[in-house]
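The values are calculated or read from the model by the stated rules, or taken from the named source; none is laboratory data. Small disclaimer: the values here were computed from a predicted structure and weren't measured. Here the Cβ is made from the backbone with ideal geometry for all residues, glycine too, and neighbour counts use every protein chain on show.
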Amino acid sequence: MKRLKSLPLPRLLFLAMLLMLSGCVWFRLLEIKNQLADFDENVRTEVADQHFIVHFLKPVLFSDDFVYLSKLRPSRIEKRPQGSYRWYLDFHMDPAKTTAQKSKMVSFIMTYNAEHRLAAFDFSPLFVEMAPAQFLEASIRSLGVGKVDQGKKQLKVDPEDLPKLTAKLPKTADITRVMGPPHQEGRDDGMKVLLYRFKADSQPVDKEYEERRIAEAYLYFDPAKDELVRLKGKFAGLKLSIDYRKLSQH
């Protein structure tokens, strides 16, 4: 099999987010991190119709913060009761290799209250295929115990602080059955890698941020078990990496 190009493996065992921020947005993100340290007091999670939803009981982030972070406007907006509303950031597969893939979409759904603060963040089913709910929740919980590098505005989580799960991880056939054929397939560091590419159905705040519409998800599989062991992705300019081996009790 052809080796994939441009698949750098960072030395960090777990890199939650890399956000080049300044000012109030960064401090609001730090406030969220502090809330995650007391997760059950400040956050409620829900799995409904294959969606994984994080409810923030003490909302902090503003809708304008999302635009600042992503440099993208929402794909669509839905008005809700009592002045609340939902922003959708939709990513279609690009390019779609099959007819079925034309309708496949990763959506991030943000519910804001009347004060324009983020009350809930919803990961759509296609994303949950790549980041199963139990592992996604464990990853989010772990952010509360991560160490912040103020200079690099980076959050690192020590593997020793990660919870250990017994939940099963998807195999290659599970992923391709739902998501269809990958954009590219190859090997890296002895692992099989599937690359899926997406494009946001939204407009950037400025033409110079057009590349923010392009998203990628690299799925790494253990060749011996044919089991998903890592997700490395980039959506709306935000980088996410989850090493499932550090969360699995095997």
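Screening Leu36 with (1) over 23 Å from Arg212 (Cβ atoms); (2) in a strand (DSSP E or B); (3) among the aliphatic types (A, V, I, L, M) gives one miss only, at (2). Here is the figure for the range 118-139: residues that are in contact with a strand residue (DSSP E or B) (Cβ under 7 Å, 6 or more places away or on another chain) and in a loop (DSSP other than H, G, I, E, B) total 2. Any residue at all in the range 192-203 that is of a type in the set (Ser, Thr, Tyr) and out of contact with any Phe, Trp or Tyr (no Cβ under 9 Å at 6 or more places or on another chain)? So far as the range 192-203 goes, no, none of its residues is of a type in the set (Ser, Thr, Tyr) and out of contact with any Phe, Trp or Tyr (no Cβ under 9 Å at 6 or more places or on another chain).
Candidates in the range 132-171 are the residues that are under 24 Å from His51 (Cβ atoms), of a type in the set (S, T, N, Q) and surrounded by 14 or more Cβ atoms within 10 Å (Cβ to Cβ); of these, the one that is modelled with the highest pLDDT is Gln134. If I filter the range 104-115 for residues that are touching a His at 6+ places or on another chain (Cβ under 6 Å) and under 19 Å from Ala48 (Cα atoms), do I get at least one hit? Scanning the range 104-115 turns up at least one residue that is touching a His at 6+ places or on another chain (Cβ under 6 Å) and under 19 Å from Ala48 (Cα atoms). Scanning the range 34-44 for residues that are surrounded by fewer than 16 Cβ atoms within 10 Å (Cβ to Cβ), touching a residue at least 60 places away in the same chain (Cβ under 8 Å) and not hydrophobic (A, V, I, L, M, F, W, C) gives Asn34, Asp38. When Ala114, Ala100 are checked against the criterion of being surrounded by fewer than 18 Cβ atoms within 10 Å (Cβ to Cβ), among the hydrophobic types (A, V, I, L, M, F, W, C), in contact (Cβ under 8 Å) with a residue 60 or more places away in the chain and more than 19 Å from Arg213 (Cα to Cα), Ala100 stands alone in meeting it. Looking only at the range 117-127, residues that are under 16 Å from Phe198 (Cβ atoms) and surrounded by fewer than 19 Cβ atoms within 10 Å (Cβ to Cβ) come to 1 in all. Of the set (1) out of contact with any strand residue (DSSP E or B) (no Cβ under 9 Å at 6 or more places or on another chain); (2) within 25 Å of Arg28 (Cα to Cα); (3) of a type outside the set (A, V, I, L, M), all apply to Gln50 but (2).
The residues of the range 187-240 that are surrounded by fewer than 16 Cβ atoms within 10 Å (Cβ to Cβ), at pLDDT 95 or above and aliphatic (A, V, I, L, M) amount to a single one, Val205.
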